[in-house]
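One structure is given here, and the rest of the page talks about it.
Taken together, the values in this text are just the output of simple stated rules run on the coordinates, not laboratory data. Since this is a predicted model, take the numbers as computed values, not measurements. All Cβ positions, glycine included, derive from the backbone under ideal geometry; neighbour counts span all protein chains shown.
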Amino acid sequence: MSRIGVFVCHCGLNIAKTVRVSELAEFAATLPDVVVAKDYKFMCSTPGQEMIANDIKEHRLDRVIVTACSPLMHEQTFRKVLAASGLNQYLLSIVNIREQVSWVTHDIEEGTAKSKALLNGAVNRARLLAPLTSRVIDVNPDVMVVGAGIAGIQAALELANTGKKVYLVEKNSTIGGHMAQFDKTFPTLDCSACILTPKMDNVLQHKNITLMTSCEVTEVKGFVGNFDITVKQKARYVDHDKCNACLACTEKCPGKGVSEWDEGLVKRKAIYIPFPQAVPQKPVIDRDACTYFIKGKCRLCEKVCEQKAIDFEQQDTSTTVKVGAVIVATGYDLMDTKPLLQYGYGRYPGVYNALEVERLFNSAGPTGGKVTLRDGREPQAIAIFHCIGSRDKNNYEHCSRVCCMYSLKFAHLFKEKTSADVYQFYIDMRAAGKGYEEFYNRIIEEDVKFIRGKGARVAESADEPGRLIVEAEDTITGKFIKLPVDMVVLSPAMKPRADSKDIARLFNLSTDKYGFFMERHPKLAPLSTMSEGIFIAGVCQSPKDIPDTVAQAYGAAAEALTIVVKDKLELEATTAMVNPASCCACLNCVRVCPYGAPFFNEQKGVSEINEALCKGCGLCASVCPSSAIIARHFTNDQVLAEMEGLMEF
Amino acid sequence: MSFEPKILGIACNWCTYTGADLAGTTRLQYPQNLRVVRVMCSSRINPSFIFRAFQLGADGVLVGGCHPGDCHYNTGNLYARRRLAVTKKILEFSGLEPGRFRVEWISASEGNKFAEVVTEFTEQIKNLGPQTKFKIEQ
């Protein structure tokens, strides 16, 4: 005989509007073994929690059912109430009548009927719940940060400053990410390098940060508190321990590669550092551009290197790093606008994407900060197209959030550096952020022309060779516009990195339909993921500007810290176990487990489960032909009893 | 009175259950005939659960898991996919009308898809009428 308490939450009107909560509590009271059933306005509030705690004592409850929001929302909250009242926390059942009932119907009859069925199922299951003991594990105090753009750099520095050891992994040969490519940042027009490069240097100098450039994560094993992460060090062909960064090699190298940092606008050497302030300041060889690797002879760099640091025989190597928590901050790519044929990107030399223009403004860029076209002319008229691929159901539905503001910044810089007429083709001007609206107003005053209408097409001018004609509908006047310009700037959608799906798979992250990583909860857990101990920051989660990215990085660092400051951590007790009396030693469980948790104990002649490795999916239980495996908290009996309860009403 | 079927749903915690929560958070409306059991992974589902549901009088059973390749437990749903495909064949071989049992991959971000699938499946079950082949009268 159980003594079950049922607590029905109104959630204000969120539930009470489409479920008759008092009727539900009265119904609960009629069910066998239910000794107390109550409804209350906000069960998660302090008085609500106290009510449950008091009733556990007063009615000597041994099972508690909270009929409220999703267990993903407040299961932990109510488990704590049980634990504080001396009841095992696994003797709790949550019935989800908000997300899965009251919010998905307008009909109070339907809502109440469904709630009764769900509650009946939970009461059936609750009788069979067993107390479970959480596993306590040791926590590795170190953290890994994946991606060393501004988000990763900031998170790594914060953690390192608290005394934690941080492994900062970056797949490129330098840290800095996209922010290192910018000249100015909106709305303050701070010099990007001036605020970023000191941080890059701090990373290099920090005794608690192990910087791993030209590195990629290839395997992630383990679980929160105890990850074993394999990192591949890609061959640089330069021994960075020997190199003294004299860069004599980069002067002599005859090879030509495409400068990624300059967005392909210029060539760089085959042995190179990506940009003068790169961290580390040591060169790498681009195999695909190196004369020696292509033709089998050259090795000029080797001849000039006094340190004997060049090593053409270098191979990729792998190391395994142990950490307690991980922050993923892998950033973004711009959408490839070539397939949008109407804009002629890649076909007309006068059409640029936003990152290319960032490089044109930059004094360390291909033109030394002068705005000149690919043919060397200074543009007389410039059109900036907002929302290319963003807010577009054919491409990306989301607003990329930063394009309006950087387009305004471009307009300002064009006005500063050229005498060109500047036209903004926008759909809506989105200037939500501190100082952003003010910046917009400032640019309006700068004689920039605003045309409310999305840029529709770019074509070559028939009359003036080398010029472009842009077409758009001005939605304010209703007129169709054709305008001759010299330069078109596309502001493309921000999308996750091309390899974000691989990262998601490695770290077990969920993604949205475009590949942005999903947060655990959009409001209450924006930096946590469904994988315990893995946190996200920056644009890999969704498009955002630098201030928001940095704020997230601080947050993610704090989140990671909440794990690695502890010596011990409690893990879910919902693992599987084998009943040796019924095990038929078929080894199905050993074969199917993704984590290698079940093993065959030859002495006893039965399978056993290594609880430290078990993640509680229950796969082994459902392939066990003799039902010898018990998936704790989701046993056959518990699931079947719940089903019976659900089908009764 | 029109026929209101009882549909049992079994959803994995990480994808479909979370997707169902998202459908709620975004206030999408769908029929209330579905009652969901939460399991940690679709691979937890023993075929006997499905048979039992039909014995208990379920007019339809809907299983939801992560997209193949995106399983929270790496490969769990690949086992589920194979096993449930066989389950479906056995059910139909045993005389159950095709269309009463459905498996869908619905991710945590696909609240829309969850609502659409439930709406469409409920409509389909209504058209099929009450399930009598497996039901054991209590």
### Two-site label geometry, A:Lys566 and A:Glu109: point separation in nm, points 7 Å out along Cα→Cβ
4.9
#### Entry: Viscosity 0.890 mPa s, temperature 25 °C, Stokes-Einstein D of the stretch A:93-144 from Kirkwood C-alpha radius, µm²/s
173
#### Entry: Convex hull (Cα only) mean projected area of the stretch A:516-616, reported in nm² to one decimal
8.9
### Cβ charges +1 (Lys, Arg) and -1 (Asp, Glu), total dipole of the stretch A:248-304, debye
380
### Query
Based on the Cα gyration tensor of the stretch A:335-493, what are the three equivalent ellipsoid semi-axes, each the root of five times an eigenvalue, rounded to whole Å and given largest first?
21, 19, 16
### Task
Mind computing the radius of gyration and Dmax over the alpha-carbon atoms of the stretch A:124-242? Å is fine for both.
19.6, 69
### Task
Please figure out what share of the DSSP beta bridges in the protein assembly as shown is antiparallel and state it in percent, rounded to the nearest 5.
45
### Zone residues, the stretch A:605-635, relative to A:Cys584, backbone N less than 17 Å from point 7 Å out along Cα-to-Cβ
A:605-608, A:620-630
#### Entry: Dipole axis of chain B (+1 Lys, Arg; -1 Asp, Glu on Cβ), positive-most option in B:Asn127, B:Asn77, B:Pro31
B:Asn77
### Query
Could you give the nm distance between label points at A:Lys41 and A:Thr230, where each point is 7 Å from its Cα heading toward the beta carbon?
5.8
### Task
Give me a single rounded figure for A:510-521: the average over its residues of other chain Cβ atoms within 10 Å of their Cβ.
3
### Förster radius 35 Å - calculated FRET efficiency between B:Asn74 and A:Thr372, Cβ distance, rounded to 0.05
0.10
### Query
Which FRET efficiency value, to the nearest 0.05, do you get for A:Thr133 and A:Ser318 by plugging their Cβ-Cβ distance into 1/(1 + (r/R0)^6) with R0 = 25 Å?
0.10
#### Entry: Alpha carbon centroid spacing (whole Å) that separates the stretch B:67-125 from the stretch A:542-574
34
### Query
Hey, what angle do you get for helix A:46-58 against the long axis of chain A, alpha-carbon based, 0 to 90 degrees rounded to 10?
30
### Summary
Calc'd 3J(HN,Hα), the stretch A:163-177, phi into Karplus 6.51 cos²θ - 1.76 cosθ + 1.60 (θ = phi - 60°), Hz, glycine/Pro = x, comes to x, 7, 7, 10, 9, 9, 9, 9, 7, 7, 7, 9, 8, x, x
## Note on the structure
Note: A:Lys482 to A:Glu416 extended length (0.36 nm per residue) minus current alpha-carbon separation gives 21.2 nm
### Task
Give the Debye-formula value of log10 I(q)/I(0) at each listed q (0.22, 0.23, 0.24 Å⁻¹), with one equal scatterer per alpha carbon of the stretch A:319-388, two decimals each.
-1.09, -1.16, -1.23
### Model label zone, A:Asp241; criterion: amide N under 15 Å from point 7 Å along Cα-to-beta-carbon; scope the stretch A:278-312
A:308-311
### In Hz, Karplus ³J(HN,Hα) per residue of the stretch A:583-592 (6.51, -1.76, 1.60; θ = phi - 60°; x = Gly, Pro)
5, 9, 6, 7, 6, 3, 4, 4, 6, 8
### Task
Using only the Cα atoms of the stretch A:575-631, construct the convex hull and provide its projected area averaged over every direction, in square nanometres to one decimal.
3.2
### Task
Can you find, among A:Leu61, A:Thr30, A:Ala84, the residue farthest towards the positive end of the dipole of the stretch A:4-134? Put +1 on the C-beta of Lys and Arg, -1 on that of Asp and Glu.
A:Ala84
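For the stretch B:7-128, what does the alpha-carbon gyration tensor say about shape, rounded, prolate or oblate, given a ≥ b ≥ c as the root eigenvalues, a/c under 1.5 as rounded, and a/b over b/c as prolate?
oblate
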### Query
If the stretch A:248-304 were replaced by its equivalent ellipsoid, with semi-axes equal to the square roots of 5 times the Cα gyration tensor eigenvalues, what would those be, largest first, whole Å?
19, 14, 8
### Query
When the Kirkwood hydrodynamic radius is evaluated over all pairs of different C-alpha atoms of chain A, what value in angstrom, to one decimal, is obtained?
28.7
### Task
About the Cα centre of the protein assembly as shown, how large is the charge dipole given +1 on each Lys and Arg Cβ and -1 on each Asp and Glu Cβ? Please answer in debye to the nearest 20.
1100
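Report the trypsin sites (Lys or Arg not before Pro) located in the stretch A:504-611 that are in a DSSP loop and have at most 13 other Cβ atoms inside 10 Å of their Cβ, or state none.
A:Lys513, A:Lys523, A:Lys604
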### Query
So how strong a dipole does the stretch A:4-134 carry about its Cα centre when Lys and Arg Cβ are +1 and Asp and Glu Cβ are -1, to the nearest 20 debye?
260
### Tilt relative to chain A, helix A:436-445 - C-alpha long axis, 0 to 90 degrees, to 10
30
### Linear extension gain, A:Lys267 paired with A:Phe649, 0.36 nm per residue minus alpha-carbon span
130.3 nm
#### Entry: Alpha carbon Rg of the stretch A:277-370, scaled by the compact-globule rule 2.2 N^0.38 Å
1.62
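Can you quote the Å³ per residue value for the convex hull of the Cα atoms in the stretch A:4-134, rounded to an integer?
86
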### Message
Explain nothing, just the number: relative contact order of chain A, from Cα pairs under 8 Å at least 6 residues apart, as a whole percent.
### Response
14
